[in-house]
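A quick write-up on the structure given underneath.
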Amino acid sequence: MLPLAYHFEFSVAVDLAIAVLLGLGFGFCLERAGFGGARKLTAVFYFFDMSVVKVMFTAIVTAMAGLYALSAAGMIAISDLYIEPTAYSAQLLGGLIFGAGFIIGGYCPGTSIAAIATGKKDGLVFALGMLAGVMAYAEFTPGIEGWISATSRGELTLPSLTGIVMGWWVAAFVIALLLAARGMDWLQRRFSYLRPRPA
Amino acid sequence: MTEATAHSLAASGAFPSARTTSKPYWNPYLVGFLLGLVLLASYVVTGRGLGATGAFSSVAAWLAGLFSPEHVALNAVHARYWNDGAPLESWTLFLLIGVSIGALASGLQGGRVGLTIERGPRSTDNRRLALAFLGGALAAFGAKIARGCTSGQALTGGSILNVGSLLFMLAVFAGAYGLAYFVRKEWI
């Protein structure tokens, strides 16, 4: 019976209004966690503040458990949902470049918007850099598009790849989160000396 | 932007930008739970998760269209975001409009809004801005190749156990951790 969009013909205006509403929650969460600032975000890469992993991991596990519960209750079919096709080399290469951009620039695309909204000039410059990056990609590298399509393996999830059903994966991710939480507390103590002091 | 405001870091370890009056951030596990509910709501209502890079692609297609609609039609990347001549009527762009309002509301409530440049005490404003531009360009380029970013791949795909998304996430952290030592003077 879910998602709602498959049963109601949303007009363009309603569709975009839904986007704004979801964005309100998204942006509120990002700023609340401190992700409107590059130092808080990049701190994760020096281990003294693991908030980025804590928030992302918890969000992923929460949504995963919710999707699993809804599908177990017969209210949603996971196979109905949009799943981006997997292309191993594209996601590996793109991820490495993206990670480099993250630590050099201090933001990711969504958090740069939260940064702009709270007055960070570096966030605005990062977003302008993104626009330049998209333009460069569109103008100079049409061949990459063909390569990604050619190496695509279609929709690929851990359950479909391994034959292990989603419920076990949810349980594994919950346990991994609990273990990671302890490990991250240890890391933060171990590397607390890297935390910048007031000037 | 004065030196003092650029560098002020609360002794508590939070990173309030330039304000001593700013409130502490929320517990990251609580925020993660709430963000997970937003992501779940997106799936339940629209059948898709969140995203961010698509909005930049839409704006890029719109900008290119201002100069030459013919060029947009011939360019495979721009054409995908052209949306029959209304590239700005993009779902992800409106999502980011919501993001900016939500972040502003949270920032105002927390006393965390003000013009600043976020950088470590050993960097300079100009170097920070130059690297922000370079980093943004790299992040966008990587996101285009990977077909998504921290929102569209890591969060959205991760929660549905998408193999490519999980691989992307590992690659992002590998790339960033691998370079962290070399750019440490920007941040710590």
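Structural remarks
- Scanning the stretch A:188-196 for any residue that is part of a helix (DSSP H, G or I) and facing chain B (nearest Cβ under 7 Å) turns up at least one such residue.
- Here B:SER106 meets the list (1) crowded, with 16+ Cβ neighbours inside 10 Å; (2) within 25 Å of A:GLY129 (Cβ to Cβ); (3) more than 7 Å from chain A (Cβ to nearest Cβ) almost entirely, failing just condition (3).
- When the stretch B:121-153 is filtered for residues that are in contact (Cβ under 8 Å) with a residue 40 or more places away in the chain, within 7 Å of chain A (Cβ to nearest Cβ) and surrounded by fewer than 21 Cβ atoms within 10 Å (Cβ to Cβ), only B:PRO121 remains.
- Residue under evaluation B:GLY164, criteria (1) outside any loop (DSSP other than H, G, I, E, B); (2) within 19 Å of the chain's Cα centre (by Cα); (3) facing another protein chain (nearest Cβ under 7 Å), criterion not met: (2)
- Residue within the stretch A:181-191 that is closer than 26 Å to A:TYR68 by Cα and surrounded by 12 or more Cβ atoms within 10 Å (Cβ to Cβ) present: yes
- Residue check for B:ALA61: aliphatic (A, V, I, L, M), more than 16 Å from the chain's Cα centre (by Cα) and part of a helix (DSSP H, G or I): yes
- Some residue of the stretch A:76-83 being at the interface with another protein chain (Cβ under 7 Å from one of its Cβ atoms), surrounded by 24 or more Cβ atoms within 10 Å (Cβ to Cβ) and part of a helix (DSSP H, G or I): no
- Test: residue in the stretch B:92-109 that is outside any helix (DSSP H, G or I), out of contact with any strand residue (DSSP E or B) (no Cβ under 8 Å at 6 or more places or on another chain) and closer than 28 Å to B:GLY158 by Cβ: no
- The single condition from (1) within 13 Å of the chain's Cα centre (by Cα); (2) buried (at least 23 other Cβ atoms within 10 Å of the Cβ); (3) not in a loop (DSSP other than H, G, I, E, B) that A:VAL44 fails is (1).
- Filtering the stretch A:104-130 to residues that are at the interface with another protein chain (Cβ under 7 Å from one of its Cβ atoms), assigned to a helix (DSSP H, G or I), hydrophobic (A, V, I, L, M, F, W, C) and crowded, with 19+ Cβ neighbours inside 10 Å leaves A:ILE104, A:ILE113, A:ALA114, A:ILE116, A:ALA117, A:VAL125, A:PHE126, A:ALA127, A:MET130.
- Output for the stretch A:80-99, where each listed residue is among the hydrophobic types (A, V, I, L, M, F, W, C) and out of contact with any Phe, Trp or Tyr (no Cβ under 9 Å at 6 or more places or on another chain): A:ILE83, A:LEU93, A:LEU96
- Criterion applied to A:ALA180, A:ALA127, A:ALA172 was being farther than 17 Å from A:LYS54 by Cα and either among the small types (Gly, Ala, Ser) or touching a helix residue (DSSP H, G or I) at 6+ places or on another chain (Cβ under 8 Å) (or both), and the one residue passing it is A:ALA127.
- Failed criterion for B:ALA76 (all others in (1) at pLDDT below 95; (2) at the interface with chain A (Cβ under 7 Å from one of its Cβ atoms); (3) touching a Lys or Arg at 6+ places or on another chain (Cβ under 9 Å) hold): (3)
- Scan of the stretch A:152-173 for residues that are on the phi > 0 side of the Ramachandran plot and touching a residue at least 60 places away in the same chain (Cβ under 8 Å), ordered by number: A:GLY154
- Checked against (1) assigned to a helix (DSSP H, G or I); (2) more than 7 Å from chain A (Cβ to nearest Cβ); (3) aliphatic (A, V, I, L, M), B:LEU88 passes all but condition (1).
- On the stretch given as the stretch B:44-68, residues that are free of Cβ contacts under 8 Å to residues at least 12 places away in the same chain and either more than 7 Å from chain A (Cβ to nearest Cβ) or surrounded by 24 or more Cβ atoms within 10 Å (Cβ to Cβ) (or both) total 4.
- Condition broken by B:THR156, with the remaining ones in (1) at the interface with chain A (Cβ under 7 Å from one of its Cβ atoms); (2) buried (at least 24 other Cβ atoms within 10 Å of the Cβ); (3) of a type outside the set (D, E, K, R) satisfied: (1)
- All positions within the stretch A:143-166 that are in a helix (DSSP H, G or I) and either over 17 Å from B:GLY158 (Cβ atoms) or in contact with a His (Cβ under 8 Å, 6 or more places away or on another chain) (or both): A:GLY143, A:ILE144, A:GLU145, A:GLY146, A:TRP147, A:ILE148, A:SER149, A:ALA150, A:THR151
- Residues located in the stretch A:19-41, provided they are part of a loop (DSSP other than H, G, I, E, B), within 7 Å of another protein chain (Cβ to nearest Cβ) and under 26 Å from B:TYR43 (Cβ atoms): A:ALA33, A:GLY34, A:GLY36
The values are calculated or read from the model by the stated rules, or taken from the named source; none is laboratory data. Note that this is a predicted model, so its numbers are computed, not measured. Note: ideal-geometry Cβ built from the backbone for every residue, glycine included; neighbour counts use all protein chains shown.
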